[in-house]
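The values are calculated or read from the model by the stated rules, or taken from the named source; none is laboratory data. Predicted model only: the values in this text are computed from it and were never measured. A quick note on method: Cβ atoms are made from the backbone with ideal geometry, for glycine too, and the neighbour counts reach across all protein chains shown.
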Amino acid sequence: NAGVTQTPKFRVLKTGQSMTLLCAQDMNHEYMYWYRQDPGMGLRLIHYSVGEGTTAKGEVPDGYNVSRLKKQNFLLGLESAAPSQTSVYFCASRLLAEGQYNEQFFGPGTRLTVL
Amino acid sequence: AQKVTQAQTEISVVEKEDVTLDCVYETRDTTYYLFWYKQPPSGELVFLIRRNSFDEQNEISGRYSWNFQKSTSSFNFTITASQVVDSAVYFCALSVYNTDKLIFGTGTRLQVFP
């Protein structure tokens, strides 16, 4: 099992450009998440999904959109990149289990720089 | 509202020293889960432990141990006889039952010198 994978690993954008980050998981997890990690701020939740076809906003959703058309994939889009979106982006997935909160499994991250 | 505080931004120790990483959490809910994750220099996040609010037993796994105290809302992590490979950023996180989110602290960077 590959676990959680992210594509691409690195990307440099110019202000105003758009791009899509792809997250894929092969563990049949219901939940998927997108975080950004900035120095001194820990991980902050951007958007998440509790199942195929559903998405919800997290703590810092502005400037991002997401889609979950297939259970195994969760896409994060930047329509018009800004320098403030320079960050490391992590995807995670979690198994739904009745009555408990299982751990999230993380992908390797995508380092995005917006010039 | 829920919150996780890791007051120690950075800790430096010499190999073989014991080190404790502090985590203080805030929640009004009675059912919640606490986690520790490790982020080594390579960047990935590695799950270390999960503890639910009804289980206050301390846990030991090799050189790692965790002390959960509801009375002080703390979930501290101790590494015994630290090694250079323990150098990483460690995150404490909280999830409240029936929410879908994990709330992270800002992390503690541990540097273990030979």
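State whether one or more residues within the range A:8-18 are surrounded by 14 or more Cβ atoms within 10 Å (Cβ to Cβ), charged (D, E, K, R), under 11 Å from the mean Cα position of the chain (by Cα) and in a strand (DSSP E or B).
The first filter runs over the range A:8-18 and keeps only residues surrounded by 14 or more Cβ atoms within 10 Å (Cβ to Cβ), leaving A:11, A:13, A:17.
When the remaining residues are screened for being charged (D, E, K, R), the result is A:11.
Now drop any that are not under 11 Å from the mean Cα position of the chain (by Cα), which leaves none.
Checking the range A:8-18: not a single residue is surrounded by 14 or more Cβ atoms within 10 Å (Cβ to Cβ), charged (D, E, K, R), under 11 Å from the mean Cα position of the chain (by Cα) and in a strand (DSSP E or B).
Close Cβ contacts (under 7 Å, 6 or more residues apart or on different chains) running from residues in the range A:37-50 that are within 7 Å of chain B (Cβ to nearest Cβ) to residues that are β-branched (Val, Ile, Thr) comprise A:Gly40/B:Thr106; A:Met41/B:Thr106; A:Gly42/B:Thr106. A single entry from B:Gly62, B:Gly43 fulfils the requirement of being surrounded by fewer than 19 Cβ atoms within 10 Å (Cβ to Cβ) and either aliphatic (A, V, I, L, M) or in contact with a Pro (Cβ under 9 Å, 6 or more places away or on another chain) (or both): B:Gly43.
I'd like the full set of residues that are within 12 Å of chain A (Cβ to nearest Cβ) and in contact (Cβ under 8 Å) with a residue 40 or more places away in the chain, limited to the range B:24-47.
Start the filter on the range B:24-47 by keeping residues that are within 12 Å of chain A (Cβ to nearest Cβ), which leaves B:29, B:31-40, B:42-47.
Scanning the range B:24-47 gives B:Asp29, B:Thr31, B:Tyr32, B:Tyr33, B:Leu34, B:Phe35, B:Trp36, B:Tyr37, B:Lys38, B:Gln39, B:Pro40, B:Leu45.
Quick grid of which residues meet (1) within 14 Å of chain B (Cβ to nearest Cβ); (2) on the phi < 0 side of the Ramachandran plot; (3) buried (at least 18 other Cβ atoms within 10 Å of the Cβ):
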| position | (1), (2), (3) |
| --- | --- |
| A:Ala56 | yes, yes, no |
| A:Glu59 | yes, yes, no |
| A:Gln72 | no, yes, no |
| A:Tyr89 | yes, yes, yes |
| A:Ser93 | yes, yes, yes |
| A:Phe105 | yes, yes, yes |
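In this structure, A:Gly109 does not qualify as at pLDDT below 95, at positive phi and not polar (S, T, N, Q).
Does B:Ser82 qualify as being over 30 Å from A:His47 (Cβ atoms), hydroxyl-bearing (Ser, Thr, Tyr) and without any contact (Cβ under 8 Å) to a residue 40 or more places away in the chain? So B:Ser82 fails the test.
Just need a number here: residues in the range B:79-114 that are in contact with a Gly (Cβ under 8 Å, 6 or more places away or on another chain) and either assigned to a strand (DSSP E or B) or more than 8 Å from every other protein chain (Cβ to nearest Cβ) (or both). Give the steps one after another, and end with the answer.
Here is the first cut: in the range B:79-114, the residues in contact with a Gly (Cβ under 8 Å, 6 or more places away or on another chain) are B:89-93, B:101, B:104-107.
From what is left, the residues that are either assigned to a strand (DSSP E or B) or more than 8 Å from every other protein chain (Cβ to nearest Cβ) (or both) are B:89-93, B:104.
Matching residues across the range B:79-114 total 6.
Restricting attention to the range B:15-31, the residues that are of a type outside the set (Asp, Glu) and either loosely packed, with under 12 Cβ neighbours inside 10 Å or more than 28 Å from B:Phe113 (Cβ to Cβ) (or both) add up to 6. Determine whether A:Pro61 is farther than 28 Å from B:Asn98 by Cβ and more than 10 Å from the chain's Cα centre (by Cα). So A:Pro61 does not fit the description; no.
B:Ala81 passes every criterion in (1) at pLDDT 95 or above; (2) loosely packed, with under 13 Cβ neighbours inside 10 Å; (3) on the phi < 0 side of the Ramachandran plot apart from (3).
Scanning the range B:21-72 for residues that are farther than 19 Å from B:Asp86 by Cβ, aliphatic (A, V, I, L, M) and out of contact with any Phe, Trp or Tyr (no Cβ under 6 Å at 6 or more places or on another chain) returns a single hit, B:Val24. Can you find a residue in the range B:90-106 that is surrounded by 13 or more Cβ atoms within 10 Å (Cβ to Cβ), under 17 Å from A:Asn102 (Cα atoms), acidic (Asp, Glu) and out of contact with any Pro (no Cβ under 7 Å at 6 or more places or on another chain)? Yes.
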